1. Once R0 is set to 45 Å, what does the formula 1/(1 + (r/R0)^6) return for the Cβ-Cβ distance between LYS41 and ASN61, expressed as a FRET efficiency to the nearest 0.05?
2. What's the center-to-center distance, using Cα atoms, between the range 73-110 and the range 25-62 in Å?
3. Under the definition of Cα pairs under 8 Å and six or more residues apart, what whole-number percent is the relative contact order of the chain?
4. Ranked from highest to lowest mean number of other Cβ atoms within 10 Å per residue, what is the order of the peptides 154-162, 119-127?
5. Net charge near ARG6: determine it from the other residues with C-beta under 13 Å of the C-beta of ARG6, scoring Lys and Arg +1 and Asp and Glu -1.
6. Per the Kirkwood treatment, what hydrodynamic radius in Å, one decimal, follows for the chain from the mean inverse distance over all distinct Cα pairs?
7. Which links in LYS33/LYS92; LYS36/LYS125; LYS36/LYS146; LYS151/LYS206; LYS125/LYS206 stretch past 29 Å when you go from one Cα to the other?
8. Taking the Cβ-Cβ separation of HIS102 and MET1 as r and a Förster radius of 51 Å, what is the calculated FRET efficiency to the nearest 0.05?
Amino acid sequence: MTKPIRLWLTPPGPNPWKVVVILEELQVPYEIKSFKFDDVKKKPFIDINPNGRVPAIEDPNHDLTLWESGAIITYLIEQYNPERLLTYDTLKEKHHLNQWLHFQMSGQGPYWGTAGWFNVLHQEKLPSAIERYNAQVLRVLGVLDKWLEGKEWLVGDKITYADLAWATWNDRLDSVILCPADNKFEGFPNVEAWHERMISRPSWKKAMEIRARLMDEQGLTWEGRPKGIASHAEYEAMINAGEDTTPKE
């Protein structure tokens with residue numbers, strides 16, 4: 001009998017939910033170890049992932065600890081997918097899936113995250129940095145939109161892990177580049193349709209229900225900061241100063 005995989009996460013960020021969606025799609029038993037963002041660089045988590053970033057997993061079935069969301073997704077697809085859902089075994093398709101996953105990790109995550117930092121978190125507005133990283137976000141969206149012309153999925157004729165890996169960051173595009181939520185895919189109709197197909201799936205809805213519950217348990221706003229703290233910049237400053245960040249109702 002398969003024992004549950006333990007998934008370590010802090011609820012606000014996008015990357016852990018990539019893994020939750022895959023676990024839900026594959027129906028792999030798992031349990032969530034949810035903890036505060038303040039503690040991501042502290043024990044015991046720093047013993048699980050010395051880089052102090054979520055997610056990480058502990059798999060008792062194979063005595064394996066693993067971190068980095070892309071590595072975890074690859075592992076789950078290879079180890080817990082006897083029906084070969086969300087993947088292909090044929091040579092070209094197999095490597096094209098890996099290609100799109102790597103592009104997500106190198107082209108989406110870093111650019112979306114850096115754009116979000118300079119738009120929202122950085123203590124001063126730096127127009128040149130904002131312009132650069134917003135432009136990179138739009139460039140990557142353009143690559144996706146062109147590729148998806150006439151297609152439903154990135155590779156082949158079915159949804160795969162390579163598609164789902166993009167969903168969590170894309171869902172937050174409006175908060176990354178500070179645009180109205182209804183307009184976040186403006187100019188990228190193929191990306192918008194692709195994203196809507198993914199977030200209509202039960203796995204996505206279940207993941208977001210779990211996120212909402214865990215955020216509420218920690219007293220966090222949907223944006224990820226404790227209730228009563230006015231901005232992410234204030235939150236970061238309090239963490240760095242070792243101040244109490246307990247939510248205030």
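The values are calculated or read from the model by the stated rules, or taken from the named source; none is laboratory data. None of the values given here were measured: they were computed from a predicted structure. Here the Cβ positions follow ideal geometry from the backbone for every residue, glycine too, while neighbour counts run over all protein chains shown. For the accessible areas, the whole protein counts, side chains as well, though only heavy atoms, and no ligand, DNA or RNA atoms are used. Shrake-Rupley method; radii C 1.70, N 1.55, O 1.52, S 1.80 Å.
1. 0.95
2. 21
3. About 20 percent, as a whole number.
4. 154-162, 119-127
5. Combined, the nearby Lys, Arg, Asp and Glu give -2.
6. 19.1
7. LYS33/LYS92; LYS36/LYS146; LYS125/LYS206
8. For HIS102 and MET1, the calculated efficiency is 0.90.
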